[in-house]
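S.K.: For reference, the structure I am asking about is given below.
The values are calculated or read from the model by the stated rules, or taken from the named source; none is laboratory data. All of these numbers come straight from a predicted model, not from anything done at the bench. Here the Cβ positions follow ideal geometry from the backbone for every residue, glycine too, while neighbour counts run over all protein chains shown.
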Amino acid sequence: MLRGIRGATTVERNEELEITQATEELLREMIKANDVKASDVAFVLISATDDLTAAFPAKALRNIEGWTYVPVMCMREIPVPHSLPRCIRVMMTVNTTKRQEEIRHIYLRESVQLRPDLSLTGKEKL
């Protein structure tokens, strides 16, 4: 079954290192919480708000061993007035036998406010 795993995080500054580190932290949490293997991933979509221009967040995926061939794409988040600033969102599409309610969506830092009903990290939900 094909399932989507959602995740989001925020950064304090529009700096390359901060963007890639925060994105890598988020991706690793999503992978760990859902026991994801790179070979089971169809693709990963990563969006960033308009105020993040210093780096492609998708670059972070290349820091994770074994994920070289996973298709990944960055895009702009819709610039809705009063939306959460400096936010990076991830949609990881995976083949899994898990039921929808077993998927652990990860929201870190200020992104917790996006989905308070799903905002516990993988460690707290497991």
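S.K.: Taking Pro85 as the residue in question, decide whether it is modelled with pLDDT of 90 or more and either more than 19 Å from Ala58 (Cβ to Cβ) or loosely packed, with under 15 Cβ neighbours inside 10 Å (or both).
M.R.: yes
S.K.: Within region 1-59, can you find the residues that are under 20 Å from Arg115 (Cβ atoms) and among the small types (Gly, Ala, Ser)?
M.R.: Gly4, Gly7, Ala8, Ala22, Ala33, Ser47, Ala48
This table checks each residue for (1) polar (S, T, N, Q); (2) surrounded by fewer than 19 Cβ atoms within 10 Å (Cβ to Cβ); (3) closer than 15 Å to Cys87 by Cβ; (4) more than 15 Å from the chain's Cα centre (by Cα).
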| position | (1), (2), (3), (4) |
| --- | --- |
| Met1 | no, yes, no, yes |
| Leu17 | no, yes, no, yes |
| Leu26 | no, no, yes, no |
| Glu29 | no, no, no, no |
| Asp40 | no, yes, no, yes |
| Phe43 | no, yes, no, no |
| Ser47 | yes, yes, yes, no |
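S.K.: Suppose we filter Ala38, Ala58, Ala33 for residues that are without any contact (Cβ under 8 Å) to a residue 40 or more places away in the chain and touching a Gly at 6+ places or on another chain (Cβ under 8 Å); which single one remains?
M.R.: The conditions single out Ala38.
S.K.: Additional query: Scan region 77-102 for residues that are of a type in the set (Val, Ile, Thr) and within 14 Å of the chain's Cα centre (by Cα) and report the count.
M.R.: Residues meeting the conditions: 4.
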